[in-house]
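Any read-out appearing in this document is the output of simple, stated calculations on the displayed coordinates, not a laboratory observation. These numbers were taken from a predicted model, which means no experiment stands behind them. No Cβ is skipped: glycine too gets one built from the backbone with ideal geometry, and neighbour counts run over all protein chains shown.
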Amino acid sequence: MSESDNGAGYKRPPQNSRFKAGRSGNPKGRPKGGRNLKTDLAALMKKRIPIREDGELRQVSGQEAILLSLFEKAVRGDLKASAQIITMLMKIDNRDPPPPEPAVVTDNDRAIVEDFLRRNTVLIKRENDS
């Protein structure tokens with residue numbers, strides 16, 4: 001390499017064509033704080049909207065408004081709406097699973113445990129005597 005290369009070589013472009021310090025190589029790249037569909041949808045569901053219920057105006061979240069609408073359809077006899085509500089209820093049902101069946105302890109298992117305890121109790125007694 002000669003002095004005019006300025007350290008240029010493999011994976012080292014000439015000094016005059018390198019990115020300047022403190023400047024991005026992609027200045028028009030993705031803007032900071034750019035939102036995606038998930039964040040937009042979450043914000044939309046949290047947004048408060050006015051509804052009229054029993055002749056009174058009240059503010060509810062978008063999510064609650066959708067659920068109220070679905071519930072009203074189900075009450076009027078819409079089978080698809082009823083199925084959707086039941087499906088949602090089943091997904092969020094937090095009942096505990098049934099307890100596991102008690103393990104069957106055989107005579108062989110008891111013999112192994114007794115042998116283990118007999119050997120280890122002797123060791124514990126020896127350590128305490130020391």
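Would it be correct to say that residue 28 is part of a helix (DSSP H, G or I) and of a type in the set (Lys, Arg)? Step through it out loud before you land on a result.
On the way: part of a helix (DSSP H, G or I): no; of a type in the set (Lys, Arg): yes.
For residue 28, the condition - part of a helix (DSSP H, G or I) and of a type in the set (Lys, Arg) - is not met.
Kindly indicate whether any position in region 89-108 is part of a helix (DSSP H, G or I) and either of a type in the set (Ser, Thr, Tyr) or surrounded by 10 or more Cβ atoms within 10 Å (Cβ to Cβ) (or both). Within region 89-108, not a single residue is part of a helix (DSSP H, G or I) and either of a type in the set (Ser, Thr, Tyr) or surrounded by 10 or more Cβ atoms within 10 Å (Cβ to Cβ) (or both). Look at (1) among the charged types (D, E, K, R); (2) surrounded by 12 or more Cβ atoms within 10 Å (Cβ to Cβ); (3) over 25 Å from the mean Cα position of the chain (by Cα) and you find that residue 23 fails only one, number (2).
Consider residue 73 carefully, then state whether it is exposed (fewer than 10 other Cβ atoms within 10 Å of the Cβ) and at negative phi. When the stated conditions are applied, residue 73 does not pass them.
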